[in-house]
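To keep things clear, I will list the structure first and then write my remarks on it.
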């Protein structure tokens with residue numbers, strides 16, 4: 001039973017990660033573990049602890065029940081992907097990243113306006 005749970009959960013973790021367009025390395029960084037740990041979870045070799053499951057669900061923007069029982073219905077929006085990448089950052093780092101994106105978008109809009 002444990003083996004089946006590990007395989008099923010591993011498949012779900014990989015599906016949610018892929019739906020967000022994240023690599024194993026990126027997910028590992030968000031969880032503060034190494035990439036080998038993510039690989040072991042996804043292959044069903046190792047079961048994540050409850051706190052790690054909770055953290056995974058938070059990163060993926062789903063409940064623990066969804067993580068255990070469901071695979072994503074489709075791809076995540078770009079905003080969902082950005083939110084997943086920002087999540088492990090401090091509030092200050094998140095604000096810096098948002099300011100950077102805002103300035104970049106403003107720069108692009110201004111450049112397009114001048115080109116017309």
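The values are calculated or read from the model by the stated rules, or taken from the named source; none is laboratory data. Since the model is a prediction, treat every value here as computed from it, not as a measurement. Note that we place each Cβ from the backbone using ideal geometry, even for glycine, and neighbour counts take in every protein chain shown.
Key figures
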| item | result |
| --- | --- |
| Enumeration of residues in the range 84-111 that are modelled with pLDDT under 80 and part of a helix (DSSP H, G or I) | 84, 85 |
| Some residue of the range 2-10 being at pLDDT below 85 and either under 25 Å from residue 100 (Cβ atoms) or surrounded by fewer than 15 Cβ atoms within 10 Å (Cβ to Cβ) (or both) | yes |
